[in-house]
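A short worksheet on the structure shown next.
The values are calculated or read from the model by the stated rules, or taken from the named source; none is laboratory data. On a predicted model such as this, the values are computed, not experimentally measured, just so you know. Cβ placement follows ideal geometry from the backbone for every residue including glycine, while neighbour counts extend to all protein chains displayed.
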Amino acid sequence: GRGRPVRAPTSFVAVEQTSQSEFCNSCHIMEPYYASWEHSAHSQIKCIECHFEPGAMGLVQGKFQAISQLAKYVTRTQGTRPWAEVSDASCMRSGCHSVGALEGPIEFGRVTFDHGPHLLEARGKRLRCVTCHSQVLVDRHFSVEESVCFTCHFMPDSDGRIPERTGDCLLCHGPPQGEIEVAGGPFEHAEYLGRGVECRACHADVVEGMGTVHPQRCRSCHGEPELLAQVGDPVLLHRAHVTERKVECLECHVEIHHGLDTSPGRHPTGDESCSACHGSMHDAARLVLAGAGVPGVEEQPSRMLETHVACEACHTGRSGTGDAASGMASAGEVDCMHCHGTGFAGMLAEWQGAIGSGLSGMRALADELGGRLAEADATAASELREAVQRDLELLERDGSRGAHNAPFALDVLRSAAERLDRAWAQVDPERAARAAELLPSEADAACRACHLDVAGRDPLEVHSRPFRHAAHLGEAGLPCSTCHVAEPYGSAQHGSPVFPREQCASCHHTESERLDPSVCSSCHELQQSFFTGTAGGLAELPVSMPEKDCASCHGEPPDLVIPPPSMCVLCHEEGYDEKLAQWRGQTDELQAKLEAALAASPGTTEPGTLAAARAALELVRADGSRGVHNFALTERLLGEALERLGSR
C-alpha cells in the first residue's frame, strides 16, 4: 500500500516519456524512419499525433500496440520494416488538415491534382489518406509515391483496356506549351491536338505493366483456404487491404511504370516475346522503321520511330480493310492528313510511287540477271546479285513501299542499284547501266524525308513557265537549298523561293555545258508559240515580224530586258510605241470580258465550250506579254472564245 502514491506519478512519467518522438528512435531499426521524419514537413509534429488515433481510447490502443512491438524487438522477432498505420482521423484532427483545405486543384510536379475525386469513391473503392501518402521508401516520410498513382490510374479493366475515365492523359497534365524539339526537329502539340490527334498516337508506350496480382503474393501472408478462395473478388480484397487496413499496393500488385521512353530504336508491336523464337511478320517492318539491317547502308531510323508513334496511329482502318489475312488495319493518305494536315496530301503516293516502281523495276533486272548467270560462270556477279536479292526481299517483305521509312528505302534501292549495275557490267560489259536510272534524283537530306520524288511531278508551271525538277536536281546537280529556303516544316518560310523569279536568269541566261541561253524555247516554249503564231492549236497565222527573233527586242543573254514601248521606234516608224500600248489595252479589255462571260455563263452551256474558253484565257495569261508577242493571235483566241459563249 505504501508504493501506491509513487506508482501513479511513475506511470505518468513513463507514458509521457514514451510519447516523445525521441523515444521512438531508441530502437536502431527506427533510425532511418526517424531521420526521414526529422527532415519532413511533419518534423514539428510528434509521432503519436499521427500514429495514435485522437482521444483517450486511441492513446490506450496505441500504447498496447507499442508494448507488443517492444516485445517483438526484445525477442528479435521484429522485422526491419516495422508496421505502422495512420488513420484518416489523425490526419483530419483539429489543427492539422481539413477537408475544406483540400478542395480545388493543386500542382504536384507536372500534374494537376484534386483531392476531391480521390477521397470519394475512386474506381469503386474508398481510399484513405495513407493510400497515397505512404512510406514505400524509408527516406521519404509520408510522401506521395507515384507508383500508387499509376496502379490506380492504369490498372486495366476486365476487358484488358485502361479505363478512359482514369487513363486519359489530359486528366493530370496538359501538353507542353509552344514549340519544343522532338527528335531533332521542331514540334508544336497544339497543332496536332487541334486536328483531333490523340496523345496515345505518339505516346503509345508511356504505360508499361498490367498491375497483375499473382496468387503467390496472397500466400505470402495468408494460409487459410477460405481466404485464398476469395482472391477473385477485387471489391472484397480492396475493402480489406486498402479501406480497412494499410497494405501497400506493391505488396500485391506488380508495379506499373509510366513515363516517356526516350530510348532510341524501340517500337511497340506487341509480339516481342514471340519473336524471341519465331520469325515475326513485323520483322521486316521493324528493320525498315529502324533504318537498319542492310550492310553498306547507313542507319537512319524513321522519324515515326524516333518519336515513338504507335503503329495504330497510322493503321487505323480509315482507308479500307487492310490485310485480311493478317488482320492488319489499313493505313492511307487520310491517316497522314489526320495528324499532319492537308499539306501532306499526295506525299504518300509520291513515296510509294517512287519506291514501288524502283523496286519492281530492279526486281525485273535482278531476275533477268539470274537467268544470265545460269548460263555463265561469274562468281563475283553472283555474289553481288545475292546481296541485291537480300536488299530487295527486305523491302518486299516490309510491304509498305517506302511508307515506313522512305529515305532509308530509297538508300537501300540505291545501294542495290549500284551492285546490280556492277554485276551486269561483269556479265555484259556492252550493256549500259540501267538500275540507277530507275530511281528519282537525289534531294537534300532535310528535304527528302518528305519530298522523295519531286521530279515525278514534272513538268510544273512556275511563274507561268514550265519547270522541271529533274533538270535542276539530276542534270544540273543543284541542291534544293539553291532555290528554296531550308526552314523546318511548319515555319512561314518553309520551301519558299530564296530569290525572286527574275534572278532565275542568273543561271538560265548564262552559257554552260548543259545550257545554251540563245535557245529561248527551252524555257519559253509557250512564248515562242505565240510569237510564231502556233499557240492554241489554231491554223498558223502570219508572223508579224518574221525577220526578228527574241534578241531583237530582249537583247542578248545574259543582259536581257523587258523592252519599254519607246524601244519600238528604234526599228519601226514614229508612233509605233502607241500601237504597243493599244495592243496591251485591248488585250486587257478582252481578258476582262472573257472572265466576266465565264462567270456569268448559264448552267446549260456545253462543258466543252467552257473548257475551250478557259484554256484560251489561260494561254494568254501564261504568255504574259499582254498581246505584244502576237496581237493578231491573242485577239483571235480571246475573240473566238467570247463568240462561243455568245458574248461578242
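Mind listing just one residue for me: the one in segment 368-387 that is within 7 Å of residue 427 (Cβ to Cβ) and outside any helix (DSSP H, G or I) and, of those, modelled with the highest pLDDT?
378
Identify all residues within segment 43-95 that are of a type in the set (Ser, Thr, Tyr) and either in contact with a Phe, Trp or Tyr (Cβ under 8 Å, 6 or more places away or on another chain) or not in a loop (DSSP other than H, G, I, E, B) (or both); write none if there are none.
43, 68, 73, 90
When you check residue 638 against the structure, is it closer than 23 Å to residue 576 by Cβ, crowded, with 17+ Cβ neighbours inside 10 Å and assigned by TED's automatic domain parsing to the domain that holds residue 567, yes or no?
yes
Please state which one of 148, 231 is at pLDDT 85 or above and assigned to a helix (DSSP H, G or I).
Step by step, each of 148, 231 is checked, and only 148 is at pLDDT 85 or above and assigned to a helix (DSSP H, G or I).
Against the condition touching a helix residue (DSSP H, G or I) at 6+ places or on another chain (Cβ under 7 Å) and surrounded by fewer than 17 Cβ atoms within 10 Å (Cβ to Cβ), how does residue 186 come out, does it pass?
No.
Just to confirm my filter: which helices (runs of 4 or more DSSP H) fall fully inside segment 543-648 and include at least 1 residues that are among the basic types (Lys, Arg) and under 52 Å from the mean Cα position of the chain (by Cα)?
Filter on segment 543-648 gives 576-600, 607-623.
Which members of segment 469-485 meet the condition of being at pLDDT 85 or above and in a loop (DSSP other than H, G, I, E, B)?
Those that are at pLDDT 85 or above and in a loop (DSSP other than H, G, I, E, B): 478, 479, 483, 485.
Name the single residue, out of those in segment 572-612 being within 18 Å of residue 629 (Cβ to Cβ) and among the basic types (Lys, Arg), that is modelled with the lowest pLDDT.
For segment 572-612, the residue satisfying everything is 579.
Between a first residue in segment 369-391 that is within 19 Å of residue 293 (Cβ to Cβ) and a second residue that is assigned to a loop (DSSP other than H, G, I, E, B) and modelled with pLDDT of 85 or more, which pairs have beta carbons less than 7 Å apart while being 6 or more apart in sequence or on different chains?
The qualifying pairs are 391/294.
Matching residues to (1) in a helix (DSSP H, G or I); (2) at pLDDT below 85; (3) under 30 Å from residue 520 (Cβ atoms):
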position	(1), (2), (3)
412	yes, no, no
415	yes, no, no
420	yes, no, no
424	yes, no, no
431	no, yes, no
440	no, no, yes
443	no, yes, yes
446	yes, yes, no
450	no, no, no
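In segment 168-180, is there at least one residue being in contact with an Asp or Glu (Cβ under 8 Å, 6 or more places away or on another chain), surrounded by fewer than 14 Cβ atoms within 10 Å (Cβ to Cβ) and not aromatic (Phe, Trp, Tyr)?
Scanning segment 168-180, I find at least one residue that is in contact with an Asp or Glu (Cβ under 8 Å, 6 or more places away or on another chain), surrounded by fewer than 14 Cβ atoms within 10 Å (Cβ to Cβ) and not aromatic (Phe, Trp, Tyr), so the answer is yes.
Here is a list: 527, 503. Which entry is over 29 Å from residue 445 (Cα atoms) and part of a helix (DSSP H, G or I)?
None of the other options fit; the residue is 527.
Which is surrounded by fewer than 23 Cβ atoms within 10 Å (Cβ to Cβ) and touching a Lys or Arg at 6+ places or on another chain (Cβ under 9 Å), of 423, 387?
The unique qualifying residue is 387.
Pick from segment 517-568 the residues that are closer than 16 Å to residue 504 by Cβ and acidic (Asp, Glu): which of them is surrounded by the fewest Cβ atoms within 10 Å (Cβ to Cβ)?
This residue is 559.
Please verify whether segment 56-66 includes one or more residues that are touching a Lys or Arg at 6+ places or on another chain (Cβ under 6 Å), assigned by TED's automatic domain parsing to the domain that holds residue 82, at pLDDT 75 or above and not hydrophobic (A, V, I, L, M, F, W, C).
No, segment 56-66 has no match at all.
Which residue is nearest to the chain's Cα centre (by Cα), if the candidates are limited to segment 472-488 and must be free of Cβ contacts under 8 Å to residues at least 12 places away in the same chain and surrounded by 14 or more Cβ atoms within 10 Å (Cβ to Cβ)?
487
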